[in-house]
Amino acid sequence: MAVISKLNNLVDLAREKSSDRRRTLLREVTDLFFEEPPARDSAVSGRFDEVLSALAEQTAQDAREELSQRFADTPLAPRGLVLKLAQDAIEVAGPMLSKSSVLSEDDLMAIAEKGGQHHLKAMSKREAVSERLSDTIVRRGDDETVATLISNEGAQLSRETFETVSERAETSQVLQAPLVRRSDTPNDILADMMLTVRNHLREQIMEKFDSVDPDIIDQAMAVSRARLAARMKQDKAVEEARKFVRAMAMRKKLDGGLLARLMREGEDVKCHVAFAEMTGVDYPAAKRAIEQESIDPLALICRSAGFDKALFVTLAVLRHNGGEDAFRDARELGQLYDRITEDDAARAMRFWRMRRDMAA
């Protein structure tokens with residue numbers, strides 16, 4: 001019990017109220033712990049836990065930061081101290097949340113339910129993150145935090161979490177790259193993202209697909225199409241729009257002028273159906289290409305369908321109500337359209353039309 005005796009002697013020296021003395025004492029007790037780490041759940045470990053936790057409460061934050069750094073990698077670290085530090089300011093809690101093996105899944109879940117974004121982000125960096133903890137981080141985390149989690153290959157993600165993140169990625173470029181680059185992102189989720197990501201990420205998806213069995217890609221496209229169709233289902237409005245579009249086609253009026261007019265007048269469903277019919281993609285693909293922030297899918301589909309540059313620029317400007325800034329960007333949009341080769345458009349359209357054909 002020499003360690004306990006030495007520990008008690010150190011505590012007896014702590015009668016001074018000096019913060020410097022308490023800091024020194026905390027360091028001395030920590031050094032004593034590492035000289036001969038006690039067995040987990042032993043009486044000695046319990047005494048260290050009691051003393052270190054009490055001293056930590058009485059010292060400045062920078063001293064607690066040092067304490068957290070020293071104990072974060074120690075599997076025998078006193079549990080009470082670890083829990084206390086893990087719920088401290090992020091500068092203190094960070095090392096514990098991202099490294100400590102003393103924290104159980106239940107401990108992490110409890111902290112995740114009430115912690116802020118910095119605490120969630122620190123947990124997202126752990127060597128292993130369970131599905132249950134990942135679900136909570138995605139539910140409570142902002143896009144930056146979720147991107148950190150998705151970028152961690154040691155994070156386990158449930159199917160439901162993958163779908164949740166992919167839906168958020170439709171409007172968040174922060175999430176798109178980590179999701180595309182994960183090794184275990186389901187193929188049908190990647191197929192979904194073909195409609196929303198920028199060209200360089202779309203190329204990465206297609207490169208992944210190049211190494212996958214075509215039958216598996218077919219299945220992924222079918223699953224993707226069915227899910228997106230269910231999410232975007234507007235039976236009555238879509239059916240009425242299809243009747244309208246068929247009538248316009250019979251009257252030889254299904255053209256670029258009609259598309260521009262429908263978009264200008266806010267006839268969104270009719271516009272999406274007409275665009276799908278004119279370009280050979282399915283309704284979800286048409287809707288996404290027109291509505292999302294990225295211009296790339298709209299440009300690729302228009303180029304593949306043989307739309308002239310003026311029509312593409314008109315649609316690109318009108319889709320966000322044709323504000324003054326958008327009209328100033330018309331020249332840049334035209335230059336972007338000129339840079340798209342027929343091969344670029346054809347490669348992307350091969351997947352989009354595969355989705356459409358599966359509905360036939």
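Which one is least open to solvent (accessible area, probe 1.4 Å) among residues in region 24-51 that are among the acidic types (Asp, Glu) and within 14 Å of Arg79 (Cβ to Cβ)?
Step one: list which residues in region 24-51 are among the acidic types (Asp, Glu), which gives 28, 31, 35-36, 41, 49-50.
Filter again for within 14 Å of Arg79 (Cβ to Cβ), leaving 41, 49-50.
Numbers: Asp41: 141, Asp49: 31, Glu50: 109 Å².
By that ranking, first place goes to Asp49.
Before we move on, is Val269 aliphatic (A, V, I, L, M), more than 28 Å from Asp344 (Cβ to Cβ) and either assigned to a helix (DSSP H, G or I) or within 32 Å of the chain's Cα centre (by Cα) (or both)? Give the steps one after another, and end with the answer.
On the way: aliphatic (A, V, I, L, M): yes; more than 28 Å from Asp344 (Cβ to Cβ): yes; either assigned to a helix (DSSP H, G or I) or within 32 Å of the chain's Cα centre (by Cα) (or both): yes.
So Val269 fits the description; yes.
Restricting region 200-215 to residues that are outside any loop (DSSP other than H, G, I, E, B) and more than 19 Å from the chain's Cα centre (by Cα), which is farthest from Leu300 (Cα to Cα)?
Looking only at region 200-215, we keep the residues that are outside any loop (DSSP other than H, G, I, E, B), and these are 200-210, 214-215.
Next cut, more than 19 Å from the chain's Cα centre (by Cα) only: 203, 206-210, 214-215.
Details: Glu203: 12, Met206: 14, Glu207: 17, Lys208: 20, Phe209: 19, Asp210: 19, Pro214: 23, Asp215: 25 Å.
Step by step, filter region 200-215, then rank; the result is Asp215.
Give the residue, chosen from Ala305, Ala276, Ala260, that is of a type outside the set (Val, Ile, Thr), open to solvent by less than 70 Å² (accessible area, probe 1.4 Å) and at pLDDT below 90.
On the way: Ala276 fails: at pLDDT below 90; Ala260 fails: at pLDDT below 90.
Going through Ala305, Ala276, Ala260 in turn, the sole match is Ala305.
With the structure loaded, tell me whether Thr148 is part of a helix (DSSP H, G or I), of a type outside the set (A, V, I, L, M), farther than 17 Å from Ala169 by Cα and open to solvent by less than 70 Å² (accessible area, probe 1.4 Å) or whether it fails that test. Don't jump to the end; show me each part of the working.
On the way: part of a helix (DSSP H, G or I): yes; of a type outside the set (A, V, I, L, M): yes; farther than 17 Å from Ala169 by Cα: no; open to solvent by less than 70 Å² (accessible area, probe 1.4 Å): yes.
Taking the combined requirement at face value, the residue does not satisfy it.
Could you tell me whether Val180 is at pLDDT 85 or above and under 20 Å from Cys302 (Cβ atoms)?
Details: at pLDDT 85 or above: yes; under 20 Å from Cys302 (Cβ atoms): no.
Spelling it out, it is not the case that Val180 is at pLDDT 85 or above and under 20 Å from Cys302 (Cβ atoms).
Taking the options Arg126, Arg132, name whichever one is surrounded by fewer than 23 Cβ atoms within 10 Å (Cβ to Cβ) and part of a helix (DSSP H, G or I). Spell out how you get there, then give the answer.
Values: Arg126 fails: part of a helix (DSSP H, G or I).
Of the residues listed, the single one that is surrounded by fewer than 23 Cβ atoms within 10 Å (Cβ to Cβ) and part of a helix (DSSP H, G or I) is Arg132.
How many of the residues in region 318-352 are at pLDDT 65 or above and open to solvent by 50 Å² or more (accessible area, probe 1.4 Å)?
The number of residues fulfilling the criteria is 15.
Which ones in region 92-151 are more than 25 Å from Arg79 (Cβ to Cβ) and more than 20 Å from the chain's Cα centre (by Cα)?
Across region 92-151, there are no qualifying residues.
Considering Ala54, Ala110, which residue is open to solvent by 10 Å² or more (accessible area, probe 1.4 Å) and either in contact with a strand residue (DSSP E or B) (Cβ under 7 Å, 6 or more places away or on another chain) or modelled with pLDDT of 95 or more (or both)?
Values: Ala54 fails: either in contact with a strand residue (DSSP E or B) (Cβ under 7 Å, 6 or more places away or on another chain) or modelled with pLDDT of 95 or more (or both).
Just one listed residue meets the conditions, Ala110.
With respect to Asp143, is the statement that it is in contact with a Lys or Arg (Cβ under 8 Å, 6 or more places away or on another chain), over 22 Å from Lys99 (Cβ atoms) and surrounded by fewer than 22 Cβ atoms within 10 Å (Cβ to Cβ) true? I'd like the intermediate steps shown before the answer.
Values: in contact with a Lys or Arg (Cβ under 8 Å, 6 or more places away or on another chain): yes; over 22 Å from Lys99 (Cβ atoms): yes; surrounded by fewer than 22 Cβ atoms within 10 Å (Cβ to Cβ): yes.
Yes, satisfied.
Being open to solvent by less than 10 Å² (accessible area, probe 1.4 Å), in contact with a Pro (Cβ under 6 Å, 6 or more places away or on another chain) and either within 24 Å of Gln117 (Cβ to Cβ) or not in a helix (DSSP H, G or I) (or both), is that true of even one residue in region 58-70? Spell out how you get there, then give the answer.
Step one: list which residues in region 58-70 are open to solvent by less than 10 Å² (accessible area, probe 1.4 Å), which gives 63, 67-68.
Filter again for in contact with a Pro (Cβ under 6 Å, 6 or more places away or on another chain), leaving 68.
Still in the running and either within 24 Å of Gln117 (Cβ to Cβ) or not in a helix (DSSP H, G or I) (or both): 68.
Within region 58-70, one or more residues are open to solvent by less than 10 Å² (accessible area, probe 1.4 Å), in contact with a Pro (Cβ under 6 Å, 6 or more places away or on another chain) and either within 24 Å of Gln117 (Cβ to Cβ) or not in a helix (DSSP H, G or I) (or both).
Taking region 188-202 on its own, how many of its residues are touching a Ser or Thr at 6+ places or on another chain (Cβ under 6 Å) and not hydrophobic (A, V, I, L, M, F, W, C)? Full working, then the answer.
First, the residues of region 188-202 that are touching a Ser or Thr at 6+ places or on another chain (Cβ under 6 Å): 188-189, 191-192, 198.
Okay, now just the ones that are also not hydrophobic (A, V, I, L, M, F, W, C), so 188, 192, 198.
The number of residues fulfilling the criteria is 3.
So which pairs qualify, if the first residue must be in region 37-59 and farther than 26 Å from Asp20 by Cα, the second must be of a type outside the set (A, V, I, L, M) and assigned to a helix (DSSP H, G or I), the Cβ gap must be under 6 Å, and the two must be at least 6 apart or on different chains?
Correct list of pairs: Pro38/Ser45.
Any chance you could count how many residues in region 304-319 are more than 30 Å from the chain's Cα centre (by Cα) and at negative phi? Show your work before the answer.
First, pick out the residues of region 304-319 that are more than 30 Å from the chain's Cα centre (by Cα): 304-314.
Those left that are additionally at negative phi: 304-305, 307-314.
Here the count works out to 10.
Being charged (D, E, K, R) and open to solvent by less than 20 Å² (accessible area, probe 1.4 Å) is the filter here, so list the residues in region 171-207 that pass it. Spell out how you get there, then give the answer.
At the first step, the residues of region 171-207 found to be charged (D, E, K, R) are 181-182, 184, 188, 192, 198, 202-203, 207.
Arg182, Asp188, Asp192, Arg202, listed by residue number.
Results for (1) over 28 Å from Arg139 (Cβ atoms); (2) surrounded by fewer than 18 Cβ atoms within 10 Å (Cβ to Cβ), shown as yes or no for each residue.
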{"site": "Leu157", "(1), (2)": "no, no"}
{"site": "Thr164", "(1), (2)": "no, yes"}
{"site": "Ala169", "(1), (2)": "no, no"}
{"site": "Phe209", "(1), (2)": "yes, no"}
{"site": "Val212", "(1), (2)": "yes, yes"}
{"site": "Ala220", "(1), (2)": "no, no"}
{"site": "Ala241", "(1), (2)": "yes, no"}
{"site": "Lys252", "(1), (2)": "yes, yes"}
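The values are calculated or read from the model by the stated rules, or taken from the named source; none is laboratory data. Computed from a predicted model, the values in this text were never measured in an experiment. A quick note on method: Cβ atoms are made from the backbone with ideal geometry, for glycine too, and the neighbour counts reach across all protein chains shown. Calculation scope for accessible area: heavy atoms of the full protein, side chains included, ligands and nucleic acids excluded. Shrake-Rupley method; radii C 1.70, N 1.55, O 1.52, S 1.80 Å.
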